[in-house]
Amino acid sequence: MANRALAYRGPEFRAAEAKGGELVLHFDAVQGVLATRAGGNAPRGFEVAGADKRFHPAQARIVGDTVVLRSTAVAKPEAARYAWSEDPAQADLVGADGLPASPFRTRAW
């Protein structure tokens, strides 16, 4: 039997960077590109907050191995969280191998 790489974890949040009215999230353990369980380009389950520390639902899009977030309720996003609820059933971010991303937050306010 030949040795081969086997994915054992999904995407893990690494860093966030603010770019204008958007927040760009970077991940580790991405085998190729990010995806959603349904195969679309708009992952669900993300929220963003500004300086007031109040989280609002975010519109998200996958750009290669990053997720770009924005919200009409937050002019300058400073923090994000993903699958941050008691029932995160809508959270659907996965790696190219199909393993799900774990819940996370970018700041410990």
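Within segment 33-49, restricting attention to residues that are buried (at least 19 other Cβ atoms within 10 Å of the Cβ) and not basic (Lys, Arg), the residue that is farthest from the chain's Cα centre (by Cα) is 49.
Can we say residue 68 is among the β-branched types (Val, Ile, Thr) and in contact with a His (Cβ under 6 Å, 6 or more places away or on another chain)?
No; evaluated as a whole, the condition is false for this residue.
Being on the phi < 0 side of the Ramachandran plot, touching a Leu at 6+ places or on another chain (Cβ under 9 Å) and in a loop (DSSP other than H, G, I, E, B) is the requirement here; does residue 88 meet it? No, not satisfied. Within segment 50-80, restricting attention to residues that are buried (at least 22 other Cβ atoms within 10 Å of the Cβ), within 25 Å of residue 10 (Cα to Cα) and free of Cβ contacts under 8 Å to residues at least 40 places away in the same chain, which residue is nearest to the chain's Cα centre (by Cα)? Here the residue is 60.
Taken together, the values in this text are just the output of simple stated rules run on the coordinates, not laboratory data. None of these values were measured; they are calculated from a predicted model. Here the Cβ is made from the backbone with ideal geometry for all residues, glycine too, and neighbour counts use every protein chain on show.
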